[in-house]
Amino acid sequence: MWMPLTFVFLFATGFIAARFGTLDAEPFTLLLVRSLLVLPVLGLILWIRRKPRQWGQRHDKLAQMGIGMLLHGAYLGGVFAAVKAGLPAGLTALLVSLHPLVTAALSLPLFGIRLGARQWLGLGCGAIGVSLVLGAGMLQGAGAASATLEWPMIGLLWCLVALIGVSSSTLWQKRVGGRMGLVEGLVFQYLGAGCVFLIAASSVGSFAFDPTPRLLLTLAWLVIAISVGAIWLLMLMLERGEAHQVARTFFLVPPCAALMAWWLFDEQWTALMVVGAALVVLGLVLDRPRPGKVARAPADDTSPSAPETSASSSGQAASR
C-alpha cells in the first residue's frame, strides 16, 4: 500500500512543480535540463549498487527509449506546455487523469484482460470524482475572477499529446517483457526523452532559462523526487500489477494536487470537491481486483498478457 500512496504524492507534486518551474524557464528547456541531470544520478545509483549490469539487447534499449519519449517526452512535455500556454492547472490535471479509462479499454485487445462490471463502475466513479474535484475548483476560481473561461486551443492540444503519451507508454511498458534492469531501463528512457525535449526546445521553444533559487529548487525536486522516485515506483508497480490497475492510481493524483494547492496557495475546497474526492476513493475500492478473479480473454494466451516483467527489473521487465 505504501508504494501507490507514495507514488501518488510524488506524482501530484509534478503539477505544482510545473506551475513554479514555468515561471522562470521555457517548459521544454526546463525538462531537457532535468533529463540531462537525471542521467548522472542514475549512473551514481548503478555505481553504488555494485550489481551486475543488465543492459538487455538492442531492441530492449530502443523500446525503453521509445517509452521514455512517450512517458517523459509527450506526457510531461505536454503537461508543462499546457500550463505554460495558459491552460488552468486543474483542467490540465483533469484531462490527463482520464487516461486510466483509455488504458482499461485497451487492456482487452492488448493483454486479454477482461474487466467486469464492478471494475468498469469503479473507473466510472473515479472519472466522475475527478471531474467534480477539479471542475468545482475551476468554476469557483472563474466565478471569482471573471464570467467566462477562455481555454487556449494550443493548451488543449498539448493535453491531448500528454494523454496519448501516458496511456500508450503505460501499455507499451506492460507489453514489452524485458531483460533490462530497472535503473538501466531508466537511463535509456531519459535518453529518449532528452532527444524529444532537444527537438521541441529547438523548434517550438526558446531555450529561456533563468536560474533563480525558485527554479533551481524546483529542478532539484523534479530530478530527485519525480524523475527518479516517482518514475521508479511507477515502473515497479507496472512490473507487479496489471496495467489498468496501475493506471487507476492516477485518479488520486488530482485530489492530492488540489490538497497541495490548498496548503501552498490557500485554494479552498468546496463541498462538491469533497464529494468528488469521496467518489474517487469509492472508484478505487470498486476497481480493486480480487485475488484470482482477473479474467482473461480465452484464446489470447499468446497476447502479451504477462509481461509482468515489463517494468524493468533485472530479468524482469523491459522497463524501468
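What the table shows:
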| item | result |
| --- | --- |
| Taking His99, His72 and counting other C-beta atoms within 10 Å, the order from fewest to most | His99, His72 |
| Under-5 Å amide H pairs with Phe209, H placed in peptide plane, nonlocal only | Glu26 |
| Trypsin sites (Lys or Arg not before Pro) restricted to DSSP loop in segment 186-280 with at most 10 other C-beta within 10 Å | none |
| Relative packing of 47-56, 157-166, which averages over residues the other C-beta atoms within 10 Å, highest first | 157-166, 47-56 |
| From phi via Karplus (6.51, -1.76, 1.60), per-residue ³J(HN,Hα) for segment 21-31 in Hz, x at Gly/Pro | x, 6, 6, 10, 8, 6, x, 6, 5, 4, 6 |
| Residues with amide H under 5 Å from that of Arg114, placed H, sequence gap 5 or more | Ala295, Arg296, Ala297 |
| Distance between segment 182-205 and segment 1-45 - C-alpha centres, whole angstrom | 13 |
| Amide H contacts under 5 Å for Val176, placed H, 5+ residues apart | none |
| Given charges at beta-carbon only (K, R positive; D, E negative), |dipole| of segment 1-117 in Debye | 500 |
| Ascending count of other beta-carbon atoms within 10 Å, so fewest first, for Ile67, Ile199 | Ile199, Ile67 |
| Pairwise FRET efficiency - Ser206 versus Met153, Cβ, R0 = 22 Å, nearest 0.05 | 0.60 |
| Sequence of Met65, Met235, Met3 once ranked by neighbouring C-beta atoms within 10 Å, starting from the fewest | Met3, Met65, Met235 |
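Quick note: the coordinates plus some simple rules give every number you see, no bench work behind them. Given the structure is predicted, the values throughout are model-derived calculations rather than measurements. FYI the Cβ positions are ideal-geometry reconstructions off the backbone, even for glycines, and counts take in every protein chain you see.
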